[in-house]
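Just so you know, all these numbers are worked out from the coordinates, no wet-lab data involved. Quick caveat: nothing in here was measured; it's all calculated off a predicted structure. Please note: Cβ atoms are built from the backbone with ideal geometry, for glycine as well, and neighbour counts cover all protein chains shown.
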Amino acid sequence: MSDLQPEQPPLPPNSIVVGHDGSDYATHALSAALEIAGQLHAPVVVVRAWSIDTASRPANWEFGYVSSLEEYAEAVRDELARDVRAEVAKHPDVEVDYRAVYASPVKCLTEIAKGARMLVVGPRGRGGLAGMLLGSVSEQCVRHAKCPVLVVRPTS
C-alpha cells in the first residue's frame, strides 16, 4: 500500500474480502460474497480503493482547507458503508468490516486478501468498457491474488 497510509489491521480469520467501487457490478459481487459468508459462517471485509481524484469530500472540507488523508479515508469509508447498507442488511448474521484504502484497486485488494479465504470482485467496475468480458482490475486480481478469486457476473 501507500507509504502515506498506515498498515491495515489483520483480517479476521477465515475472511471473505470483496471489492466495492460503487458500481452495480460490485453490489452484485457483494451480494454473492455475503451469501457465501453466511453459509460458511465467515466474516466479510468490504474494501474500497481510493485516490484523491475519486475520494468523497470529508465532512469538514471547505474551500482553502487541505484535508488530511485520514479525513479523506474516513469520508470514503462512510460513503462505502452507505453504498452497501441495504445489501448488508439482508444478511444480519454476517459480520462485516469496511476498509477504505489509499492505493490502486489491484494493489489494495491483493494485499488485503493475502490471508483471506477468498477474494470476490465484479467483472467490471465504474471504469469498465461495455464490450469487455473481464475488467482490468478483476483480471489482475485473478492473476496476482494469493487466495482463490471469485469473479461474479450478473445473472441478467
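Here are the numbers for the structure shown:
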item	result
Summed side-chain charge close to A113 - residues other than A113 whose Cβ falls under 12 Å, Lys, Arg +1, Asp, Glu -1	+4
K107-R82 pseudo-label distance in nm [points 7 Å out on the Cα-to-Cβ vector]	2.8
Projected-area mean, the range 69-130, by convex hull of Cα positions, square nanometres	5.6
Summed residue charge, Cβ within 15 Å of P13's Cβ, Lys/Arg positive, Asp/Glu negative	0
Inter-site label distance for R143 and L69 at 7 Å from Cα along Cβ, in nm	2.6
Qualifying chymotrypsin sites (Phe, Trp or Tyr not before Pro) for the range 63-125 [loop in DSSP, other Cβ within 10 Å: at most 10]	F63, Y65
Amide proton proximity set for Y102, modelled H, under 5 Å, gap of 5+	W50
Under Karplus coefficients 6.51, -1.76 and 1.60, residue-wise ³J(HN,Hα) of the range 80-85 in Hz, glycine/proline x	4, 4, 5, 4, 9, 3
